[in-house]
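Okay, structure first, notes after.
The values are calculated or read from the model by the stated rules, or taken from the named source; none is laboratory data. The structure displayed is predicted, hence computed values, not measured ones. Neighbour counts run over all protein chains shown; Cβ positions are idealised from the backbone, glycine included.
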Amino acid sequence: MKTFIAILRGINVSGSKPLKMDALRAMCETLKFKNVQTYIQSGNIVFKYKDTQPEVLEKLITKKLKEVFSYDVPVIVIEANELKKVIQSNPFVNQRKLDTGLHITFLSQVPEKVNFDKIKELTFGEDEFILSGKNIYLFCPVSYGNSKLSNTFFENKLKVTATTRNWKTINELSTIAENIQTK
């Protein structure tokens, strides 16, 4: 069995698409996920499941969310080992020597080069971003909430699904995944 992290976009944000985490865990257990844990209220799920491609799990979870809660919610699934590599590769950690303002936007797929080329040279005040495969490393020193580098911005410009988590959440999800892997 492998450990996976599923991140849902748009759950419990400003009262939109309310979903209790115990109901989400119960739904995941009907999918035969093991050791299911959630973290905070924004739709983060850590679980064990047979060796399966993340894209298959994304479709499975998306379909079940629609069926059980009537929510059409984008889902991105990452293998726990992959998340660890994403964390270790964050270029802003070494540059900034702090974790305040750090975020990662997870993309559903690697964006086409032509789409990324349209935005790579743009500036956004103090906010910075670096694309690496299916991930965008963000540094928003003032406030992610006021940044133009939102999920919607990246989705519109890159033509892929995006969902963002702050550095604390990403590291906590990785820790939960490590603990589940040993069970």
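Going residue by residue through the range 99-108, is there one that turns out to be without any contact (Cβ under 8 Å) to a residue 24 or more places away in the chain and surrounded by fewer than 16 Cβ atoms within 10 Å (Cβ to Cβ)? Break it down into steps so the answer makes sense when it comes.
Filtering the range 99-108 for residues without any contact (Cβ under 8 Å) to a residue 24 or more places away in the chain gives none.
Checked against the condition, which is being without any contact (Cβ under 8 Å) to a residue 24 or more places away in the chain and surrounded by fewer than 16 Cβ atoms within 10 Å (Cβ to Cβ), the range 99-108 yields no hits at all.
Determine if the range 141-151 includes at least one residue that is under 11 Å from the mean Cα position of the chain (by Cα), outside any strand (DSSP E or B) and within 13 Å of Phe106 (Cα to Cα). Spell out how you get there, then give the answer.
Our first condition is that a residue be under 11 Å from the mean Cα position of the chain (by Cα); within the range 141-151, this holds for 151.
Cutting the leftovers down to outside any strand (DSSP E or B) gives us 151.
Among the residues that remain, those that are also within 13 Å of Phe106 (Cα to Cα) are: 151.
Looking for residues that are under 11 Å from the mean Cα position of the chain (by Cα), outside any strand (DSSP E or B) and within 13 Å of Phe106 (Cα to Cα), one finds at least one in the range 141-151, hence yes.
Give the residues of the range 103-117 that are within 16 Å of Thr152 (Cβ to Cβ) and in contact with a strand residue (DSSP E or B) (Cβ under 9 Å, 6 or more places away or on another chain), sorted by residue number. First the steps, then the outcome.
In the first step, residues of the range 103-117 are kept if they are within 16 Å of Thr152 (Cβ to Cβ); the result is 103, 105-108, 111, 115.
Within the range 103-117, His103, Thr105, Phe106, Leu107, Ser108, Pro111 meet the criteria.
Can you tell me how many residues within the range 1-34 are under 18 Å from Ser174 (Cα atoms) and either buried (at least 17 other Cβ atoms within 10 Å of the Cβ) or in contact with an Asp or Glu (Cβ under 7 Å, 6 or more places away or on another chain) (or both)?
8
Looking only at the range 60-85, count how many residues are part of a helix (DSSP H, G or I), buried (at least 17 other Cβ atoms within 10 Å of the Cβ) and in contact (Cβ under 8 Å) with a residue 60 or more places away in the chain.
Residues flagged as part of a helix (DSSP H, G or I), buried (at least 17 other Cβ atoms within 10 Å of the Cβ) and in contact (Cβ under 8 Å) with a residue 60 or more places away in the chain within the range 60-85 amount to 2.
In the range 27-43, is there at least one residue being at pLDDT below 95, closer than 29 Å to Gly145 by Cα and assigned to a helix (DSSP H, G or I)?
No, the range 27-43 contains no residue that is at pLDDT below 95, closer than 29 Å to Gly145 by Cα and assigned to a helix (DSSP H, G or I).
Among the residues of the range 97-106, is there at least one that is aromatic (Phe, Trp, Tyr), at pLDDT 95 or above, outside the structural domain of Pro74 (by TED's automatic domain parsing) and not in a loop (DSSP other than H, G, I, E, B)?
The answer is yes; a qualifying residue exists.
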